[in-house]
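Written out below as structure tokens is the structure these notes cover.
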Amino acid sequence: MDAIVAKLAARWPDARCELNHTSAYELLCATILAAQSTDRLVNTVTPALFTHWPDARALAAAPPDEVERAVHSTGFFRMKARHLLGMAQALVERHGGEVPADMESLCALPGVARKTANVVLGTVFGKDEGVVVDTHVTRLSQRLGLTRENDPTKIEKDLMAVLPRDQWRTFADRLIWHGRRVCFAKQPACGLCDLAPLCPSADTPGREGEEMKGEDVKREKGKGKGKGKAEAKTETKTGKGKANAKAKTKA
């Protein structure tokens, strides 16, 4: 784990949350919208959203159909609009319109679970209360052999157990960047991955990325050529065997 942390830190020293925001309220909204969507897409939607409803009080009074139209392109827009409105109304009723800075209060808000709460607490308030577990962290922690779990809560517990507390936030940010830029879901670029020597999944057949270059490409081509020659010899021997068998049958 120390080696993984060090390599990620060297590769992605400036990794951070990529959802654009200027306040805890904006990040909370953006993280809710990011479910089943991408940060890039959410960042195209939130400027208009925050212009129309710049704080929780404004959003709490917004017409539901207008919020739905504003977030439509992020997918699951009706559910997300309900969550945004419920979250804003709860902030006004329970917290004076301000975003609370503790896990329990955040998770009590509509549409907010531990992942969203961890994002807000770590990014805005600098509090390491847990590890953000999204699809990238789930995929990479499994591939790296850091967990055997599929449930985000259990994965978070496994990571918290092996990481120093002051690394919880930065480790997740860097792992997410690595998942978006190198360790892709379908075709991970193992040939370009600093973690490959430490990763039990890196040598699995079919995991070589299309972006491998230089010696990696030559090595892979060499393997293919060697295999082709071996198969050709086998086929030649098989062909001779069949020919001899036919000759004996005729005789």
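The values are calculated or read from the model by the stated rules, or taken from the named source; none is laboratory data. Values in this document were obtained by computation on a predicted structure and should not be read as measured data. Cβ: placed from backbone, ideal geometry, glycine included. Neighbour counts: every protein chain shown.
Points worth noting:
- Residue in the stretch 195-215 that is closer than 23 Å to Cys17 by Cβ and modelled with pLDDT of 95 or more present: yes
- Apart from one condition, Glu26 fits all of (1) under 20 Å from the mean Cα position of the chain (by Cα); (2) charged (D, E, K, R); (3) part of a helix (DSSP H, G or I); the exception is (1).
- Residues that are within 30 Å of Gly179 (Cα to Cα) number at least 1 in the following helices (runs of 4 or more DSSP H) confined to the stretch 35-97: 39-52, 64-71, 77-95.
- Ile32 of a type outside the set (Asp, Glu), in contact (Cβ under 8 Å) with a residue 24 or more places away in the chain, over 25 Å from Phe125 (Cβ atoms) and surrounded by 15 or more Cβ atoms within 10 Å (Cβ to Cβ): no
- Flag if Asn43 is under 30 Å from Cys193 (Cα atoms) and surrounded by fewer than 19 Cβ atoms within 10 Å (Cβ to Cβ): yes
- Met79 of a type outside the set (Gly, Ala, Ser), in the same structural domain as Asp134 (by TED's automatic domain parsing) and out of contact with any Ser or Thr (no Cβ under 9 Å at 6 or more places or on another chain): no
A quick yes/no check of all residues on (1) of a type in the set (S, T, N, Q); (2) buried (at least 16 other Cβ atoms within 10 Å of the Cβ):
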{"site": "Ser105", "(1), (2)": "yes, yes"}
{"site": "Pro110", "(1), (2)": "no, no"}
{"site": "Val119", "(1), (2)": "no, yes"}
{"site": "Thr123", "(1), (2)": "yes, yes"}
{"site": "Asp128", "(1), (2)": "no, yes"}
{"site": "Thr153", "(1), (2)": "yes, no"}
{"site": "Lys157", "(1), (2)": "no, no"}
{"site": "Ala172", "(1), (2)": "no, yes"}
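- Residue in the stretch 168-189 that is in contact with a Cys (Cβ under 6 Å, 6 or more places away or on another chain) and either modelled with pLDDT of 95 or more or within 26 Å of Arg40 (Cβ to Cβ) (or both) present: yes
- Residue satisfying all of: in the stretch 174-199; among the small types (Gly, Ala, Ser) and surrounded by 21 or more Cβ atoms within 10 Å (Cβ to Cβ); farthest from the chain's Cα centre (by Cα) among these: Gly191
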